[in-house]
Amino acid sequence: MSFGGTPPCRFWTSWRRPWDGWRRRALPYNTAMPAAKPATPLADVTDSLEQVFQPEGPLAGLLPAYEHRPEQTQAAAAVEEAFRSRRHCLVEAGTGVGKTLAYLVPAVRAISQGQRVVVSTHTINLQVQLLEKDIPLVRRLFPRVDVRPVLMKGRGNYLCLQDLDAAEADLFKASDPLFRKVKAWARKTKTGDVADLPFVYPDWHEVAANPDTCRRQDCRYYERCHYFQMRRRAGNANLFVVNHALFLSDLALRRAEPNNTVIPDYHLVVLDEAHHLEDVATKVFGIELASRHVPRFAERLARSRGLELEGARVDALERLNAELFAAFATDRAEFFFRDALGDEGEEAARSTATRLCAVLAEIQGDLLKQAREADEGLRDRLEGLANIGGRLRQEIHTLFFDEDPGCIRWGERGAPPPGTRVRKAEVRTSLHYSPIDVGRVLEEMLWPTADSVVLTSATLSNSGGFSYLRSRLHVPEDALECVVGSPFCYRRQALLYVPGHLPPPEARPTEEHLDRLAEEIERVVTLTGGRAFLLFTSRRALDALHERLKDRLPFPLFRQGDMPPARLLEAFRESGNGCLLGTQTFWEGVDVQGDALSCVVIDRLPFAVPDSPITQARTEAIKARGGDWFAEFSMPQAQIRLKQGFGRLIRTRTDRGIVCVLDSRLIHKAYGREFVRSLPPASRASLWRRVERFWSGGAV
Ligand code: SF4
């Protein structure tokens, strides 16, 4: 552990003093908050973290299967030191450390001193685990601390009662059976949360709360509004569970409208699954226009009762949008605008965008004019539609005409994800305007906002420690660091097998190379009796190997894309001997414990696709300042990715299995050894007989 703070038992005696001078910020949504209570005295048993986590301690008393892990106490001490000294902190805690409790225990101890804490996650699964399991546990652990948790989701997750009424004015809704089911659900739901809707409603965006149509205090449903009820609950809370997208959007709002933030003011932040932060920030701080956004708006206008718009104008919206997106008809999955359009095409696309903006402006003007003469119900609806039109116009304008040298224009094309309800087969195109260096934005918005921000994950560092993460996110220099390895015995439990006889992979693998990979996969999964994840770095490789393996293996194959990921995983588990072939989704966050998963095969070192525009722009930016793009960016990113894939295998102390990486650069290249150094310390083999020996229980 490189964290070098004072042991908590020594600083605990001076715990109160540092908080005393902390500023109290305004609480715009906290009207219902009672007067501040005096700090709750902690029970003697919680006087030090060691006591909380010790083998016979209070946590052990609450958890029958509790295992004392020194790594967990170390991680908790790092978090507590960061909170106490008001510094930021990077904590990597390997699989099985129990990092959630390692930050929740210090968080609750800080709450007992009047602090408010945000815990942000990337996935819904982790939010559910926090709310249903870990937070109730720490509340029982510290019964005298008044922990008031609240789950906060983005506005679009909540039903808008006003827009539900407005949707009835839609000419087609009245006869839509799904809409009637939504109405019936709306009468019963206590949360209004789309996650509680027991079926998929493709037009949810039309009835979801959104800033364009929301009337706030002027809305007749304001008191009953699900979204504002959640915000009122948040006003009285001291532990906010959010996701990264909401947390980062709120940071932006804090700068633009400091009195209108969504998350009430806080002192301390824990960002779990923090390895996603750069990607989420790239989305949140950028702009995205999907090919379906304008047609959705046009459809809504065309179906609205009481609205008098020239049909030709609405048609023009659809026509110009189709013209705009047709210009990006490339066979590349991701592209820069300039590459897809060429110089002339770029000019033509700008001209189309200008005309589209003009039509949107005319429609917006018309809607506002009609709103002024309409009665109250219709007026609200028309103003809401005008706001949607205005926002679309603003986004299109920024996308095509903004000239920030720190941003790039790029696009992506692809089929909708499996399981998505679409009315017809379609290729979706999304256009983006994204910041190249989100660290610059975080430097302004994240690091100065809270007294202490803790970034944590099982995969934050690489063989160069935290230098990659620090440079990507502009982490302040004085941030603390803590790396604690997994408590599992990787040498005994896992074998890293790299077939040394395979030639290094080509940029585009040859048919012959793919044949050799298929042979190697067949050999290793036959040994483990299936029960394997086959993780690929590209869809093309996945399909090519699926084609070769489907008639050769005596095990059921489950291919990503054939069904929604959760269903695919369930089918894999139920099979008992299946092989799951996956790309991105299955490299991380998937937890298959025990014998059900005994083998992970990785097709090659997971370097980012070099022609992805975001990767290219970031690589160019490093070159432009004279940096080494491979050592600073490409390699550490791939190391973290490989660590995530590797991490699928060993989930408990009793798991055992093989990770096979079909890329001999891992042993033949100098940088390959850096990759190995960044992985958990498993046994290693490059010869098949040693693999067989490991599998039969012998030493390698
Ligand atoms: S307050 Fe806003 S979000 Fe809530 S029901 Fe009214 S318009 Fe919809």
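The values are calculated or read from the model by the stated rules, or taken from the named source; none is laboratory data. Computed from a predicted model, the values in this text were never measured in an experiment. Positions of Cβ are backbone-derived with ideal geometry, glycine not excepted, and every protein chain shown enters the neighbour counts.
Details
- Tally of residues being in a helix (DSSP H, G or I), within 13 Å of the ligand (Cβ to nearest atom) and touching a strand residue (DSSP E or B) at 6+ places or on another chain (Cβ under 6 Å) across the stretch 208-236: 2
- Residues that are more than 33 Å from the chain's Cα centre (by Cα) and without any contact (Cβ under 8 Å) to a residue 40 or more places away in the chain, drawn from the stretch 493-530: THR510, GLU511, GLU512, HIS513, ASP515, ARG516, GLU519, GLU522, THR526
- Taken over the stretch 113-172, the criterion of being buried (at least 19 other Cβ atoms within 10 Å of the Cβ), within 16 Å of the ligand (Cβ to nearest atom) and without any contact (Cβ under 8 Å) to a residue 60 or more places away in the chain is satisfied by ASN157, LEU164, ALA167.
- Residues of the stretch 134-175 that are in a loop (DSSP other than H, G, I, E, B) and in contact with a strand residue (DSSP E or B) (Cβ under 9 Å, 6 or more places away or on another chain): VAL147, ARG148, MET152, LYS153, GLY154, CYS160, ALA169, LEU171.
- Tally, over the stretch 222-240, of residues that are surrounded by fewer than 15 Cβ atoms within 10 Å (Cβ to Cβ) and in contact with a helix residue (DSSP H, G or I) (Cβ under 7 Å, 6 or more places away or on another chain): 1
- Search result, residues across the stretch 659-670 that are farther than 24 Å from ARG492 by Cβ, assigned to a helix (DSSP H, G or I) and touching a residue at least 40 places away in the same chain (Cβ under 8 Å): ARG665, HIS668
- Evaluation of PRO295 against the conditions (1) in contact (Cβ under 8 Å) with a residue 24 or more places away in the chain; (2) crowded, with 18+ Cβ neighbours inside 10 Å; (3) out of contact with any strand residue (DSSP E or B) (no Cβ under 7 Å at 6 or more places or on another chain) shows that the sole unmet condition is (2).
- Of all residues making up the stretch 60-100, the number that are hydrophobic (A, V, I, L, M, F, W, C), in contact (Cβ under 8 Å) with a residue 60 or more places away in the chain and surrounded by fewer than 22 Cβ atoms within 10 Å (Cβ to Cβ): 2
- For the stretch 673-682, residues that are surrounded by 19 or more Cβ atoms within 10 Å (Cβ to Cβ) and more than 28 Å from the chain's Cα centre (by Cα) total 1.
- So LEU309, is it within 30 Å of PHE328 (Cβ to Cβ), away from the ligand (no atom under 16 Å from the Cβ), outside any helix (DSSP H, G or I) and in contact (Cβ under 8 Å) with a residue 12 or more places away in the chain: yes
- Of all the criteria given as (1) within 16 Å of the ligand (Cβ to nearest atom); (2) buried (at least 16 other Cβ atoms within 10 Å of the Cβ), the one not satisfied by ASN243 is (1).
- Looking at ARG573, ARG618, just one residue is assigned to a helix (DSSP H, G or I), of a type in the set (Lys, Arg) and under 28 Å from VAL676 (Cβ atoms), and that residue is ARG618.
- Number of positions in the stretch 176-193 that are assigned to a helix (DSSP H, G or I) and within 21 Å of PHE297 (Cα to Cα): 3
- GLU570 vs. criteria of a type outside the set (Val, Ile, Thr) and at pLDDT 95 or above: no
- Count - residues of the stretch 524-551 that are small (Gly, Ala, Ser) and within 22 Å of LEU605 (Cα to Cα): 4
- Residue satisfying all of: in the stretch 173-200; under 26 Å from the mean Cα position of the chain (by Cα) and within 15 Å of the ligand (Cβ to nearest atom); nearest to ALA237 (Cα to Cα) among these: THR191
- ARG255 satisfies every condition listed in (1) modelled with pLDDT under 90; (2) buried (at least 22 other Cβ atoms within 10 Å of the Cβ) except (2).
- Restricting LEU289, LEU320, LEU368 to those that are among the hydrophobic types (A, V, I, L, M, F, W, C) and out of contact with any Asp or Glu (no Cβ under 8 Å at 6 or more places or on another chain) reduces the list to LEU320.
- Every residue from the stretch 194-203 that is among the hydrophobic types (A, V, I, L, M, F, W, C), surrounded by fewer than 15 Cβ atoms within 10 Å (Cβ to Cβ) and either in a helix (DSSP H, G or I) or at positive phi (or both): ALA195
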